[in-house]
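A quick write-up on the structure given underneath.
The values are calculated or read from the model by the stated rules, or taken from the named source; none is laboratory data. This one's a predicted model, so the numbers in the text were calculated from it and none came from an experiment. In this analysis, Cβ positions are derived from the backbone assuming ideal geometry, glycine residues included, and neighbour counts consider all displayed protein chains. In case anyone asks, the SASA skips ligands and DNA or RNA and just uses the protein heavy atoms, side chains included. Shrake-Rupley method; radii C 1.70, N 1.55, O 1.52, S 1.80 Å.
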Amino acid sequence: RTPDERRAARREKSRPIINALEPWLRAKLALISQKTKLAEAIRYALSRWQGLTLFLDDGRVELDNNIVERSIRPLALTRKNALFAGSDGGAKHWAVIASLVETCKLNSIDP
């Protein structure tokens, strides 16, 4: 769908849910111990509320970050593999080459 169609659907279907979610989270946060992981998670969400709700007003914004996660997975695996490169220097060289290769791929260049 076009960004305008996505924005309209999100405003119609998602905005009422989001509008109810923020006060609900604040109410629950007031009821639970502030030292719990749940309280930490609620504070995290509330502190990033503007970014969390950006999708409501911009139809270009994806609802999840799966595309990004899939694109950086090879980099993350390479970074983990570099830990076993044998030396700090070897790991740095590995990281440079991996970054170069992945940058080429992102720019449709055959590395």
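Confirm whether LEU31 is at pLDDT 95 or above, of a type in the set (A, V, I, L, M) and open to solvent by 80 Å² or more (accessible area, probe 1.4 Å).
Yes: the conditions hold for LEU31.
So ALA39 ticks every box in (1) farther than 30 Å from ARG11 by Cβ; (2) modelled with pLDDT under 95; (3) surrounded by 11 or more Cβ atoms within 10 Å (Cβ to Cβ); (4) not β-branched (Val, Ile, Thr) but one. Which box is left unticked?
Among (1) farther than 30 Å from ARG11 by Cβ; (2) modelled with pLDDT under 95; (3) surrounded by 11 or more Cβ atoms within 10 Å (Cβ to Cβ); (4) not β-branched (Val, Ile, Thr), ALA39 violates only (2).
LEU56 versus (1) more than 30 Å from VAL96 (Cβ to Cβ); (2) hydrophobic (A, V, I, L, M, F, W, C); (3) without any contact (Cβ under 8 Å) to a residue 40 or more places away in the chain: which is the lone unmet condition?
(3)
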